């Protein structure tokens with residue numbers, strides 16, 4: 001762990017990217033209040049610090065020596081806990097690609113998950129997984145070796161996760177006709193059309209599922225109903241828009257609210273303060 005922490009701290013950049021494709025490293029020194037974000041499809045390993053995230057009514061706490069895996073891009077609220085400039089949060093992430101999961105499933109006898117796994121889960125890292133993650137981080141210092149070896153080490157990391165406690169979460173990412181792939185279609189549609197009203201039966205049709213099955217699987221994967229999911233996306237988009245405009249009413253309409261007062265109520269409930277708090281405070285032009 002000490003070696004991994006040192007490598008992450010050395011290579012961390014503000015944009016999280018590294019010279020190895022799909023490998024991210026982060027160093028965070030300030031906790032701050034919970035903030036909205038999207039998970040992406042990712043394996044996130046914590047080398048130092050602790051993070052708390054909320055997805056719907058589920059709260060996940062994960063710390064050094066643990067990893068979080070997200071098999072679908074979902075709206076969360078999260079923050080680091082008990083960190084400081086002298087004890088920053090350090091983490092390494094690996095973007096999950098369905099094709100890479102599918103390649104590992106081909107020719108390997110992995111049991112098919114029963115039911116619909118959650119789209120996000122936390123587990124302790126095994127010694128074998130920690131070893132592979134550390135070897136991947138070492139390659140950040142060795143660009144020539146990384147070109148040849150990084151794909152192999154990333155494949156090993158993925159294999160360790162797929163054969164571990166949260167294998168079911170990742171497994172369905174590589175199966176074309178899994179319940180997760182159907183839910184992913186619906187999630188993508190809602191994200192692209194978040195300002196539009198919809199009927200659950202219409203989105204279920206997009207997902208290729210019956211309305212009852214769709215609702216049940218959507219809730220299992222995302223910990224939210226489709227309407228709650230849309231609301232989270234709307235409010236997160238509104239918060240981004242409020243950083244560039246002073247017109248709260250205009251923003252409420254742009255993200256799909258007919259009533260600015262309802263927008264303000266739900267924004268306050270979600271972020272703990274009215275939208276006016278997040279409006280960009282720009283000086284008025286001189287007369």
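For residue 205 and residue 177, calculate 0.36 nm times their separation in residues minus their Cα-Cα distance, and state this gained length in nm to one decimal.
8.6 nm
Once you put a point 7 Å from the Cα of residue 86 and another 7 Å from the Cα of residue 247, both along the Cβ direction, what distance in nm separates them?
It works out to 5.0 nm between the two label points.
Sort the following peptides by mean Cβ neighbour count (other Cβ atoms within 10 Å, averaged over residues), highest first: 141-148, 1-8.
1-8, 141-148
Would you give the gap between the C-alpha center of the range 69-130 and the C-alpha center of the range 136-180, rounded to a whole Å?
Rounded to whole Å, the Cα centres lie 10 Å apart.
Connecting C-alpha atoms closer than 10 Å in a GNM of the chain, tell me which of 120, 92, 139 has the biggest fluctuation.
139
Looking at the P(r) of the range 135-192, how many percent of alpha-carbon pairs lie beyond 20 Å?
Everything past 20 Å amounts to 49 percent.
Translational diffusion coefficient, Stokes-Einstein: compute it for the range 1-150 using the Kirkwood radius over C-alpha pairs as Rh, at 20 °C and 1.002 mPa s, and state it as an integer in µm² s⁻¹.
131 µm²/s
Is the C-alpha gyration tensor of the chain telling us rounded, prolate or oblate? Criteria: a/c under 1.5 is rounded; beyond that, a/b larger than b/c is prolate, otherwise oblate.
Values: a/c = 2.19, a/b = 1.25, b/c = 1.75.
It is oblate, given that a/c is not under 1.5 and a/b is not larger than b/c.
In nm, what is the difference between 0.36 nm times the number of residues separating residue 277 and residue 6 and their Cα-Cα distance?
Values: separation 271, 0.36 × 271 = 97.56 nm, distance 3.81 nm.
Result for the pair: 93.8 nm of gain on full extension.
Compute the Rg/Rh shape ratio of the range 86-220: radius of gyration over Kirkwood radius, all on alpha-carbon atoms.
Reported Rg/Rh, Kirkwood definition of Rh: 1.05.
Connecting C-alpha atoms closer than 10 Å in a GNM of the chain, tell me which of 86, 276, 210 has the biggest fluctuation.
Fluctuation is largest for 86.
Run the numbers on the chain and let me know its relative contact order in percent, using alpha-carbon pairs under 8 Å that are six or more apart.
16 percent
Please compute, over every Cα-Cα pair in the range 157-287, the percentage with a separation greater than 27 angstrom.
38 percent
Considering only 225, 179, 261, give the residue with the highest GNM mean-square fluctuation for the chain, with springs between Cα atoms whenever their separation is below 10 Å.
Checking each option, the largest mean-square fluctuation is seen for 261.
Laboratory data are not the source of any read-out in this text; all were calculated from the coordinates shown. Owing to the predicted nature of the structure, the values given are computational and were not obtained by experimental measurement. Using ideal geometry, Cβ is built from the backbone for each residue, glycine included, and neighbour counts are taken over all protein chains shown.
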